[in-house]
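Peer 1: First, the structure itself, so that you have it in front of you.
The values are calculated or read from the model by the stated rules, or taken from the named source; none is laboratory data. What you see is a predicted model; the values in this text were computed from it and never measured. Cβ coordinates were reconstructed from backbone atoms using ideal geometry, including for glycine residues, and neighbour counts include every protein chain displayed. Protein only, heavy atoms only, side chains kept; ligands, DNA and RNA dropped before computing areas. Shrake-Rupley method; radii C 1.70, N 1.55, O 1.52, S 1.80 Å.
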Amino acid sequence: MRKRFDIAVFDGDGIGPEIMRPTISLLRQMALDGGYELTFHHLPAGAAHYAETGKSLPCASLDAARRADAILLSAMGLPSVRYPDGTEISPQIELRKALSLFAGVRPVRLVPGQRSPLALPADREVDFVLIRESTEGLFHSQGAGEVTETEARETLLITRETSEKLFRFAFGLAAERRLRGRGPGRVTCVDKANVFRAFAFFRAIFDAEARHHPDIVADHAYVDATALWFVLKPWDFDVLVTENMFGDILSDLGAGLMGGLGLAPSADIGTDHAVFQPCHGSAPDIAGRGVANPMAMLLSAAMMLDWLGLRHDAPTVVEDGRRLREAVEAVVAEGAVLTADLGGRATTEEAARAVMDRLAAA
Ligand code: ATP
C-alpha cells in the first residue's frame, strides 16, 4: 500500500481559507491515526492574488499542482475583482482546462434526518451522482464569445474524444458504486437530443459506449424533464452524465435538494489529475465572520481520500474517505451542531469539531 501523498492546496478567496483550515487539521489527524502521510503544499492563486499581482493562476502554482497526487481547492473568485472584460477570476476553470479534468463529479445524497426542501418519503433515500463534462460544452468559448452592438454568440463544443472518456468514466463509476452496494448500476445520459444536432451526436457516442457495458443499464433523459424529476423522484437516479452548462445548472439544483450549497461537494477528475472542491463560491457576504459551513469542503476532502486510495491501492485511505463522509452525514442528520445556512448557530470551527469528535467516537 502506498503511504505518502502530496496534496496541492489552494486556500482561495472569501470563506475559502476559513473552511480549508479545519479541513486540513482533520485530514492530518486522520492520516496520523491511519498510518499514512499527507503533505500539504499551499499554492497562491485566486482573486485576491490577482488583485495583488495581476496573475490569477501563476505558472509555478499550476506546475506544482500538476506534480501533486491530488489538488484540494477551496472557493475562489470575488465579485469585486474582475478581468478587464468584466468576467470573474476563476482559476478553478483554468485548472480544469489545463489538466483536462473532463469529469465533474457531483454527488447528491439525502439521508434520513437531513433537512431538505423535499418531503422525502420515510422509505426513500437519495444517493445519485451527476457527472458534468467540465472542459467543453457551452463553456468552450468562455471569455472568447463574440459580442457586437447587435448580437452576441457563444459556441458549444462536443468532441468525440472527450465524450468517449466521459462516458467510459460514467459507466466505470456506476459499476464501482454497484460493487459498494450504492445504486443498481445505471447511467442516464442527460441531453437535448430532440432539438440540437450536437446533443444527438453526444447521445450517439453514449450509446456506442453503452454497448461495451452490457451489465450496466443505459438510458436517456432530456435535461428539462430531468430537472422536474430531480424534484419529483430523485431517489430514482444512479449516475447521470451531461454537458457542461446543463451540469452546472443541475448540480445547483442537486445542492438545493441536499439542503443548500454548504453540503454539496465535488471533484473534477481527469485521466492523471483531480481537483476536489466544494460546489459553492467564496460567499463574500459572510466571509471573515467564521460562520461558513465547512461540510461541503469536508465532503470534498472525503472524495479526495476515496480517489487517492482507489488509485494507489490504499484501502485504509479509501476507508477513511467513507468514515469522513459518514461522520459529516451523521452530524448533519443529528442537527445539534449546524451552521446558520442550515438553521443552526455553530461556527465553522464548531461544526468541523463535531465531525472530528464523531470520527474519534466511531
Ligand atoms: P460562484 O459563482 O463563485 O459559484 P455564487 O455567486 O454562486 O458563487 P456563492 O459564493 O456560492 O455564490 O454564495 C451563494 C450564497 O450561498 C451566498 O449567500 C453565500 O453566503 C451562501 N453560501 C455559499 N457557501 C456557503 C457556505 N459554505 N456556508 C454558508 N453559506 C454559504
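Peer 1: Using a 1.4 angstrom probe on heavy atoms only, work out the carbon and sulfur share of the accessible area of the stretch 1-64 in %.
Peer 2: Details: 1460 of 2790 Å².
After summing per-atom areas, the C and S share lands at 52 percent.
Peer 1: Quick check for me: using +1 on Lys/Arg Cβ and -1 on Asp/Glu Cβ, what's the dipole size of the chain about its Cα centre, in debye to the nearest 20? Mind showing how you got there, number by number?
Peer 2: Working: 38 positive and 49 negative charges, 143 e Å.
The dipole of the chain has a size of about 680 debye.
Peer 1: Can I ask one more? Straight-line reach from LYS233: which lysines have Cα under 28 Å away, leaving out those fewer than 8 places along the same chain?
Peer 2: LYS233 reaches LYS192.
Peer 1: Between ARG325, ARG289, ARG153, where does the largest GNM mean-square fluctuation fall for the chain, given springs only between Cα atoms within less than 10 Å?
Peer 2: Result for the chain, Cα springs under 10 Å: ARG153 fluctuates most.
Peer 1: Once the piece of chain linking LYS233 and ARG168 is laid out straight, how much longer is it, given 0.36 nm per residue of separation minus the C-alpha distance between them? The partial results should precede the final answer.
Peer 2: Values: separation 65, 0.36 × 65 = 23.40 nm, distance 2.60 nm.
That works out to 20.8 nm of additional length.
Peer 1: Now a separate question. Classify the chain: rounded, prolate or oblate, from the alpha-carbon gyration tensor (a ≥ b ≥ c, eigenvalue square roots; a/c under 1.5 rounded; otherwise prolate if a/b is larger than b/c)? Numbers along the way, then the final one.
Peer 2: Numbers: a/c = 1.38, a/b = 1.11, b/c = 1.24.
Rounded is the answer for the chain, as its axis ratio a/c remains below 1.5.
Peer 1: Between ALA333 and ARG4, what's the calculated FRET efficiency when r is the beta-carbon distance and R0 is 35 Å? Round to 0.05. Let's see the in-between values first.
Peer 2: On the way: r = 34 Å, r/R0 = 0.97.
Once rounded, the FRET efficiency stands at 0.55.
Peer 1: With a 1.4 Å probe and every protein chain left in place, tell me how much accessible area LEU32 has, in Å² to the nearest 10.
Peer 2: 130 Å²
Peer 1: GNM on the chain, C-alpha springs below 10 Å: top fluctuator among CYS59, CYS279, CYS189?
Peer 2: In this elastic network of the chain, the residue with the biggest mean-square fluctuation among CYS59, CYS279, CYS189 is CYS59.
Peer 1: Just name one of PRO214, LEU138, ALA60: the one whose Cα is farthest towards the positive end of the charge dipole of the chain (beta-carbon charges, Lys/Arg +1, Asp/Glu -1).
Peer 2: Going by the charge dipole, the pick is PRO214.
Peer 1: Sticking with this structure for a sec: Simple spin-label model, 7 Å along Cα-to-Cβ: PHE201 to ARG160 in nm?
Peer 2: The two pseudo-label positions are separated by 1.1 nm.
Peer 1: How large is the accessible surface of HIS42 in square angstrom, using a 1.4 angstrom probe and rounding to the nearest 10?
Peer 2: It works out to around 100 Å².
Peer 1: Moving on to the next point. Placing +1 at every Lys and Arg Cβ and -1 at every Asp and Glu Cβ, with all other atoms neutral, what dipole size does the stretch 116-258 have around its Cα centre, in debye to the nearest 20? Kindly include the intermediate steps, with their values, before the conclusion.
Peer 2: Numbers: 16 positive and 23 negative charges, 108 e Å.
Its charge dipole is roughly 520 debye.
Peer 1: Follow-up. Roll a 1.4 angstrom probe over the protein heavy atoms and tell me the percent of accessible area of the stretch 116-258 that is carbon or sulfur.
Peer 2: Numbers: 3940 of 7150 Å².
For the stretch 116-258, the apolar C and S fraction of the accessible surface comes to 55 percent.
Peer 1: In nm, to one decimal, how far is the THR39 label point from the LEU310 one, both placed 7 Å along Cα→Cβ?
Peer 2: 2.6 nm
Peer 1: Pick from ILE19, ILE71, ILE249 the residue whose mean-square fluctuation is largest in a GNM of the chain, springs joining Cα atoms under 10 Å.
Peer 2: Most flexible of the set in this elastic network: ILE249.
Peer 1: Using a simple charge model, +1 on the beta-carbon of Lys and Arg, -1 on the beta-carbon of Asp and Glu, nothing else, what dipole does the stretch 27-162 show about its Cα centre, in debye to the nearest 20? Kindly include the intermediate steps, with their values, before the conclusion.
Peer 2: Numbers: 14 positive and 18 negative charges, 61 e Å.
Result for the stretch 27-162 is approximately 300 debye, rounded to the nearest 20.
Peer 1: How big is the accessible area of HIS41 in square angstrom, nearest 10, if you roll a 1.4 angstrom probe over the protein chains?
Peer 2: The value for HIS41 is about 80 Å².
Peer 1: Charges on Cβ only, +1 for Lys and Arg, -1 for Asp and Glu, centred on the Cα centroid of the chain; of VAL275, GLY181, PHE202, which one is farthest towards the dipole's positive end?
Peer 2: GLY181
Peer 1: Would you work out what percent of the accessible area of the stretch 290-362, with all protein chains in place, is carbon or sulfur (probe 1.4 Å)? Walk me through the numbers on the way to the answer.
Peer 2: Numbers: 1530 of 2930 Å².
That fraction is 52 percent.
Peer 1: State whether the stretch 116-258 is rounded, prolate or oblate according to the following rule on the C-alpha gyration tensor (a ≥ b ≥ c being the square roots of its eigenvalues): a/c under 1.5 gives rounded; otherwise a/b larger than b/c gives prolate, and the remaining case gives oblate.
Peer 2: It is oblate, given that a/c is not under 1.5 and a/b is not larger than b/c.
Peer 1: Let me ask something else about it. Could you state the accessible area per residue of the stretch 257-362 in Å², with a 1.4 Å probe and every protein chain left in place?
Peer 2: On the way: 3980 Å² over 106 residues.
That works out to 38 Å² for each residue.
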